[in-house]
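The values are calculated or read from the model by the stated rules, or taken from the named source; none is laboratory data. As the structure is a computational prediction, the values presented were derived from the model and not from experiment. Heads up, the Cβs are rebuilt from the backbone with ideal geometry, glycines too, and the neighbour counts pull from every protein chain shown.
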Number of protein chains: 6
Amino acid sequence: MNSSILVVTAHVGDFVWRAGGAIALHASQGTPVHLVCLSYGENGESNLAWQTPDISKNTVKQTRHAEAQEAARLLGIKTVDFYDLGDYPMNITPEVVSRLADNYRTLRPDIVITHPERDPSNLDHSKTYETVLLARMQAIAPGHGSNHIKPPQVLCFEPHQSELCDFKPNMLLDITPVWEQKYAAMRAMPTQRNLWDYYERVALQRGAQAGRRGQANTRYAEAYQSIFPSVHTTFL
Amino acid sequence: MNSSILVVTAHVGDFVWRAGGAIALHASQGTPVHLVCLSYGENGESNLAWQTPDISKNTVKQTRHAEAQEAARLLGIKTVDFYDLGDYPMNITPEVVSRLADNYRTLRPDIVITHPERDPSNLDHSKTYETVLLARMQAIAPGHGSNHIKPPQVLCFEPHQSELCDFKPNMLLDITPVWEQKYAAMRAMPTQRNLWDYYERVALQRGAQAGRRGQANTRYAEAYQSIFPSVHTTFL
Amino acid sequence: MNSSILVVTAHVGDFVWRAGGAIALHASQGTPVHLVCLSYGENGESNLAWQTPDISKNTVKQTRHAEAQEAARLLGIKTVDFYDLGDYPMNITPEVVSRLADNYRTLRPDIVITHPERDPSNLDHSKTYETVLLARMQAIAPGHGSNHIKPPQVLCFEPHQSELCDFKPNMLLDITPVWEQKYAAMRAMPTQRNLWDYYERVALQRGAQAGRRGQANTRYAEAYQSIFPSVHTTFL
Amino acid sequence: MNSSILVVTAHVGDFVWRAGGAIALHASQGTPVHLVCLSYGENGESNLAWQTPDISKNTVKQTRHAEAQEAARLLGIKTVDFYDLGDYPMNITPEVVSRLADNYRTLRPDIVITHPERDPSNLDHSKTYETVLLARMQAIAPGHGSNHIKPPQVLCFEPHQSELCDFKPNMLLDITPVWEQKYAAMRAMPTQRNLWDYYERVALQRGAQAGRRGQANTRYAEAYQSIFPSVHTTFL
Amino acid sequence: MNSSILVVTAHVGDFVWRAGGAIALHASQGTPVHLVCLSYGENGESNLAWQTPDISKNTVKQTRHAEAQEAARLLGIKTVDFYDLGDYPMNITPEVVSRLADNYRTLRPDIVITHPERDPSNLDHSKTYETVLLARMQAIAPGHGSNHIKPPQVLCFEPHQSELCDFKPNMLLDITPVWEQKYAAMRAMPTQRNLWDYYERVALQRGAQAGRRGQANTRYAEAYQSIFPSVHTTFL
Amino acid sequence: MNSSILVVTAHVGDFVWRAGGAIALHASQGTPVHLVCLSYGENGESNLAWQTPDISKNTVKQTRHAEAQEAARLLGIKTVDFYDLGDYPMNITPEVVSRLADNYRTLRPDIVITHPERDPSNLDHSKTYETVLLARMQAIAPGHGSNHIKPPQVLCFEPHQSELCDFKPNMLLDITPVWEQKYAAMRAMPTQRNLWDYYERVALQRGAQAGRRGQANTRYAEAYQSIFPSVHTTFL
């Protein structure tokens, strides 16, 4: 099979902190992983960059672009598409939805990975979730072109504070084999170096939870919540 | 009293599959039932039509228009208003809300029947619910004209997969007396013939649930969730 | 038809504050209304009585018994059954469930009215709800005797602080015609006179909410939440 | 690996209607499937049997025992344990929990399949769910014996009316390959023949839902909700 | 410290009925309290004004403007900003969000008080909540200017019918010391005099609930729900 | 004022991992903190102890008793009461509730700290929560003795996997000043040394979340959820 995975994030760092393990793992298994970043996170998620006196917004964006490219390379991502929509807050137009739907039709992902539905501290995340679902509708509709796709599963990655976002993970992914890659990608984003320790601990906590239920040597994991029921031919 | 009911749906088939029984039943009881279809469902809910080679979008819309007219006739609907907004996804502007509010002011419904609030697989449904509530606000406000109405009850009909939509029915409507009419209306929509069996079974399942709590001869039913508390002068 | 209603409460005052209007209204409509009080509320809901120096528990119970009898008379209740189980907390045994199931089989209610499922400040209320459902199972089972009944609807009345109890009323009952009776029954319970004003205001607030959706002359109402979907032959 | 599955139900019919497909499927894949029935459902779920004049409870239990044995045989169940606790309602003692924990320690299941947490119309189901979790605790505790087990996943099967039970399935199991077996097991339970059509339609509805997301030839499915996050080494 | 509070409401009356006590209390404690009213509520919340024959919308708006100014004065509000966006429904553009974000940056509030997230009967309230969160994002982002602020806590005040809005108050504010001020401000809004009794009773009910947990002389209170976890250095 | 705090846990280690910071902090502020441990956690939460060949249950209990005493001493706990009820699962009788109610009446706590309501992986935690609420009822009822207390606030501490337990913290307590004490108490429980790193990271994650909203030098925190609305005289 020619499976593929598409990751859609609001800001440029989200794919590393929240789904870097899943990306590296599936890439290492031969699955093409594609990335769409709706913004560079230049306004609200690049705070350390703004401490440089008189830095311009363009410079901040270029910095984040370069960091994201390097992190994507380290994780084995196949294609990256930067929409550059601006952030805090983000403005989603029907054209953005159409562009994403076109990405779906070209990439034909089995799984789309994105933010969970709710986040009162960051509505860019909620809007990204909604955009992912809107584009999914457009991409599966034959009236928008005969290259329509089968509806992909949508998995939500972990937000910054799970309980605030009603995040209820039903899947833990063992990312121990690719942890070094994820950690390297995190280090490739010095503009958000304040998050390095936090997300290392997230991975260790989820690893400890997964280890209780899975293999003893699981040390790092990521948590995901599936939106649509999954279809099985066996439970084992 | 001059009661009336207004049904508002995202796509042209929804009123048949989800509320055809309620429509036929109340029409047969002498209540005027009106219908607003926000779109023809031409893009995302007419898949069999698109299997015809080189069919144009206009032809698909004409086909769905004709099917809906015939189904509406069979169910005894008094007026049908097609907004033709396009679908998958649908775009709701303030003008759409105003147009619907005008419909409310003219038709003065006691009950508006529409989609439930949530449906991650189909945000057109969520938007329709929101539009119904927005128009309700506009229609009851005296500042928008002295023909303002009393706030109608809003009932949500059953979505395709109830648990995915957080649908919690608190009312089961016995549609056994009008089942033949509903079934005929379903058959009048051959573009979605893939749904005939599914919604016949939905009616039988809801009928079995209603039969346990109501009359023994209930065989078909529809499920509804009321949004606002209902007011009673007795429980019996 | 020979409809009847059974009210089941944890403590002796609950039927007055929370369902006195529904009781008086249906009694006035000719429906037999029966009452089961699982306890006298002597320990935790008779605080003013305990301010009398050296009062004995028996005296408190006798006082509450007399108050309840008088309130029941004023509301038109047909039969009252005091289980005298003690309270704060209450202990429910299988024998209590059986006794209540026997009441169901004798009284054959169409509707059972009781406390909502949750109340962290008062688990006697939660236990009463659970007991009502357990007895419902026992009463409908033919294996427990051939006089088994049809499953009655269960309606939950309003708790002291609705949001704390996840109470979501979907029915408002206009009790304006019987308000004087309810108020008299409230006054017949001087041991809880601290609640008189509070529950008069509850009735006025629910009346105001009902008045917006129902008749203009509604002034007092009670709120209820139905547990099982209701079956309808019309919505009007 | 020596995987195994344990199914725990309140009444004797539940394993057929709700999990018969999962049982037959995994048995056909070589996985040992074991069954615990806490009661024969003789009081509340054998209504047709009680229509025979003067039938004794013992005869009803024997009938249901024989039906269950035959259905279990048809589905390929390896062992059946009838606890014979009585029903409507069921009484769970610490001894019952210990007995079930011993079953866990002997059978060492990877997955336990049971009722969902809530069911206001049938608290035997809720109690069974709670018993499954209590026994799980006892079975994993080294202080109760050195043959303690790893904590199994718990999957909940579909209740009679899903929305009433807050059932949120996140897994659909394609049971098309074993449908004939499931249907034969259903027919082996003539005491509940009133459920044959209902559960055939449940399977068809879940099959239709699964077919949209999985293989085109899926015709029958069962729905499940997992209680604990599952651990993955890949999403594909 | 230079703490301040910002209240943001959809319509001109909301700050009085729902947060008048909190405003007067904090103003009396020396905290500057600022107010933003997104609309005058001229269309949907000025019904008594529209009973004057041939009244113009401008006159209604001037009336509500004057009432709000007087109520604000009575409560001790420091600044009032009327956005005059229109209502029923309200239209929120990115410019509105930016304007509010600028208010945040100038006023630098520790707490923003607004409507709860959900209200099916009044989506202007939901939109106001969303606008408050969007402006919060914009105001804290350094990319939108170096005068960015620390993220303020958001507290939601009580809606008209709490259960309909999923309102779950976790804070009760004792407003007994400033009740006379709040009541005077209510009386300064004769256009909504139909709400005087209702919100007096709301205050008495919340006061009764607070009195059980706080001081015996609490007679009036307001209920609030905090969106973000609060940070403590002690629980006492 | 003579405030005091009571902590009630299912197993002997819970007070350290989950509330050790709150205990040390309030003790250091001069507030008496009391502890009730319903069991030693000897069966299910002492796994490392059971790796010693032929160790007896009594020895395990003595080990845990000694560890708990030392940890309590390090945290400054004033009194410890071990109920020794056994665990996995725990059996709660009315006598246990009465004993705890007596503790309440003697200690007269303003706040009781315990487990959250739900934990499918550990029903001992749910039972403890229920016991805390039942004892609260008994302790406030004048019918159970004239030394009845005012109802205390109940705060729930963080469970092992928050999302699985529907834990929604609304309070973060900065425990940076007492972290060394908490860490020492953790080290005093070598039987559960597998949890040392996990709960250090929990404290760091909650500290990072609190630091965003509170003081910059917050490094460690604990999360709590209040059950009852708190009463305030100011928000600042």
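From the residues in region C:123-166 that are within 15 Å of the chain's Cα centre (by Cα) and not in a helix (DSSP H, G or I), which one is nearest to D:SER46 (Cα to Cα)? Among those that are within 15 Å of the chain's Cα centre (by Cα) and not in a helix (DSSP H, G or I), it is C:GLN153. Here is a check on your reading of the model: is A:TYR104 in a helix (DSSP H, G or I) and in contact with a Cys (Cβ under 8 Å, 6 or more places away or on another chain)? Here the answer is no, as A:TYR104 does not meet what is asked.
Here C:PRO169 fits the description: assigned to a loop (DSSP other than H, G, I, E, B), surrounded by 21 or more Cβ atoms within 10 Å (Cβ to Cβ) and at pLDDT 95 or above. Is it true that B:ALA223 is small (Gly, Ala, Ser), buried (at least 22 other Cβ atoms within 10 Å of the Cβ) and outside any helix (DSSP H, G or I)? In short, yes.
Contact annotation: residue pairs with Cβ atoms under 6 Å, 6 or more positions apart or on different chains, pairing a residue in region A:124-137 that is within 8 Å of chain B (Cβ to nearest Cβ) with a partner that is crowded, with 22+ Cβ neighbours inside 10 Å and not hydrophobic (A, V, I, L, M, F, W, C), are A:LEU134/B:PRO89; A:MET137/B:TYR88; A:MET137/B:PRO89. Those residues that are within 28 Å of F:ALA49 (Cβ to Cβ) and free of Cβ contacts under 8 Å to residues at least 12 places away in the same chain, I need them from region F:199-236; list them, please. Once the filter is applied, which keeps residues that are within 28 Å of F:ALA49 (Cβ to Cβ) and free of Cβ contacts under 8 Å to residues at least 12 places away in the same chain, region F:199-236 yields only F:ARG201. Among the residues of region D:44-86, the one identified as surrounded by 18 or more Cβ atoms within 10 Å (Cβ to Cβ), more than 10 Å from chain C (Cβ to nearest Cβ) and more than 17 Å from the chain's Cα centre (by Cα) is D:THR63.
Taking the criterion of being without any contact (Cβ under 8 Å) to a residue 24 or more places away in the chain and either small (Gly, Ala, Ser) or over 13 Å from C:ASN43 (Cβ atoms) (or both), the residues of region C:55-77 that qualify are C:SER56, C:THR59, C:GLN62, C:ALA66, C:GLN69, C:ARG73.
Residues of region F:105-114 that are under 16 Å from F:CYS37 (Cβ atoms) and in contact with a helix residue (DSSP H, G or I) (Cβ under 7 Å, 6 or more places away or on another chain): F:VAL112, F:ILE113, F:THR114.
Of note, E:TYR199 satisfies the criterion of being surrounded by 21 or more Cβ atoms within 10 Å (Cβ to Cβ), in a helix (DSSP H, G or I) and modelled with pLDDT of 95 or more.
Within region B:183-191, can one find any residue that is of a type in the set (Gly, Ala, Ser), closer than 30 Å to A:PRO142 by Cα and in a loop (DSSP other than H, G, I, E, B)? Scanning region B:183-191 turns up at least one residue that is of a type in the set (Gly, Ala, Ser), closer than 30 Å to A:PRO142 by Cα and in a loop (DSSP other than H, G, I, E, B).
Within the set C:TRP196, C:TRP179, the sole residue that is aromatic (Phe, Trp, Tyr), more than 14 Å from chain B (Cβ to nearest Cβ) and within 18 Å of the chain's Cα centre (by Cα) turns out to be C:TRP196.
Considering only region D:207-218, how many residues are more than 9 Å from every other protein chain (Cβ to nearest Cβ) and crowded, with 16+ Cβ neighbours inside 10 Å? Of the residues in that region, 1 qualify.
The set of residues in region A:141-153 that are within 12 Å of A:TYR224 (Cβ to Cβ) and surrounded by 21 or more Cβ atoms within 10 Å (Cβ to Cβ) is empty. Report, by residue number, each residue of region E:75-102 that is in contact with a strand residue (DSSP E or B) (Cβ under 7 Å, 6 or more places away or on another chain) and under 29 Å from B:GLU130 (Cα atoms). Passing the criteria: E:ASP81, E:PHE82, E:TYR83, E:LEU100. If only residues of region D:140-161 that are within 9 Å of chain F (Cβ to nearest Cβ) and modelled with pLDDT of 95 or more are counted, the one that is nearest to B:ALA208 (Cα to Cα) is D:VAL154.
Within region A:1-38, the set of residues being more than 14 Å from chain D (Cβ to nearest Cβ), aliphatic (A, V, I, L, M) and assigned to a strand (DSSP E or B) comprises A:VAL8, A:LEU35, A:VAL36.
Applying the criterion of being within 10 Å of another protein chain (Cβ to nearest Cβ), crowded, with 21+ Cβ neighbours inside 10 Å and not acidic (Asp, Glu) to the residues of region E:97-120, the residue that is farthest from E:SER230 (Cα to Cα) is E:VAL97.
Would you confirm, using the coordinates I've provided, whether E:GLY86 is in a loop (DSSP other than H, G, I, E, B) and touching a Ser or Thr at 6+ places or on another chain (Cβ under 8 Å)? Against the criterion (in a loop (DSSP other than H, G, I, E, B) and touching a Ser or Thr at 6+ places or on another chain (Cβ under 8 Å)), E:GLY86 qualifies.
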